[in-house]
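The values are calculated or read from the model by the stated rules, or taken from the named source; none is laboratory data. From a predicted model like this one, the values you see are computed outputs, not experimental measurements. Please note: Cβ atoms are built from the backbone with ideal geometry, for glycine as well, and neighbour counts cover all protein chains shown. Ligands, DNA and RNA are excluded from the accessible area calculation, which covers all protein heavy atoms including side chains. Shrake-Rupley method; radii C 1.70, N 1.55, O 1.52, S 1.80 Å.
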Amino acid sequence: MASESSFDIVNKVDHQEVDNAVNQAAKEISQRFDFKNVDAAIKLTGETIDMQANTEERVNAVLDVLKDKLVKRQISLKGLDADEPKLSGKVYKITATINAGITQENAKKLSKLIRDEGPKGVKAQIQGDELRVSSKSRDDLQTVQALIKGEDLDFAVQFVNYR
């Protein structure tokens with residue numbers, strides 16, 4: 001009898017890469033001519049990224065620089081949740097967070113997708129903020145991975161612990 005193979009579907013973010021992207025964005029903002037004398041700044045505080053500038057257009061440009069740096073470091077922008085620019089005193093501010101983990105609602109959507117469109121004999125179990133997919137056939141697991149990669153999800157997913 002063949003043993004079960006499995007993998008986990010997760011949404012994890014490498015915080016070191018996020019920190020590196022924010023630092024690179026801060027360096028670029030400090031050096032670029034179009035950011036001179038506009039009070040442009042970006043900093044990472046725990047799980048939030050704070051951006052500011054003296055006009056709404058400039059603070060949106062700071063956000064664009066951050067997005068560019070995140071993409072270059074292979075961090076999905078689907079996990080970036082940025083607010084609208086808000087006037088705070090003399091500067092406009094944007095607060096952004098990077099979401100990690102799969103919510104229960106999204107895990108249920110994935111589980112239903114696997115049940116409805118995936119191969120028979122594949123089981124999906126929700127375990128906290130990840131989803132474990134198991135089957136006797138490794139080919140079925142690869143089919144499930146291709147199915148999920150083909151879907152246009154509104155959150156990022158990675159496949160880990162393939163056994």
> Quick one: accessible area per residue over the range 54-163, 1.4 Å probe, rounded to a whole number of Å²?
Replying inline: 59
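How large is the charge dipole for the chain, taken about the Cα centre, if only the Cβ atoms of Lys, Arg (+1) and Asp, Glu (-1) carry charge, to the nearest 20 debye?
For the chain, the charge dipole is close to 300 debye.
Per DSSP H run of n ≥ 4, the term is -39500 (n - 2.57); total these for the chain, divide by its residue number, and report the mean residue ellipticity at 222 nm rounded to 500 deg cm²/dmol.
Details: 4 runs with 61 residues, N = 163.
Value at 222 nm, helices only: -12500 deg cm²/dmol.
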> Carbon and sulfur together cover what percent of the accessible area of the chain at a 1.4 Å probe radius?
Replying inline: 47
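May I ask you to list the GluC sites (Glu not before Pro) in the range 1-110 that are in a DSSP loop and have at most 13 other Cβ atoms within 10 Å of their Cβ? Each step should come with its number before you reach the end.
On the way: sites: Glu4, Glu17, Glu28, Glu47, Glu56, Glu57, Glu105; in loops: Glu4, Glu47.
The qualifying sites are Glu4, Glu47.
Once R0 is set to 25 Å, what does the formula 1/(1 + (r/R0)^6) return for the Cβ-Cβ distance between Asp14 and Glu151, expressed as a FRET efficiency to the nearest 0.05?
On the way: r = 23 Å, r/R0 = 0.93.
Working from the Cβ atoms, E equals 0.60.
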> Could you give the angle, 0 to 90 degrees to the nearest 10, between helix 15-31's Cα long axis and the longest principal axis of the Cα atoms of the chain?
Replying inline: 30
> aspartates and glutamates within cross-link reach of Lys72: Cα-Cα under 15 Å, excluding same-chain residues under 8 positions apart?
Replying inline: Asp14, Glu17, Asp19, Glu28, Asp64
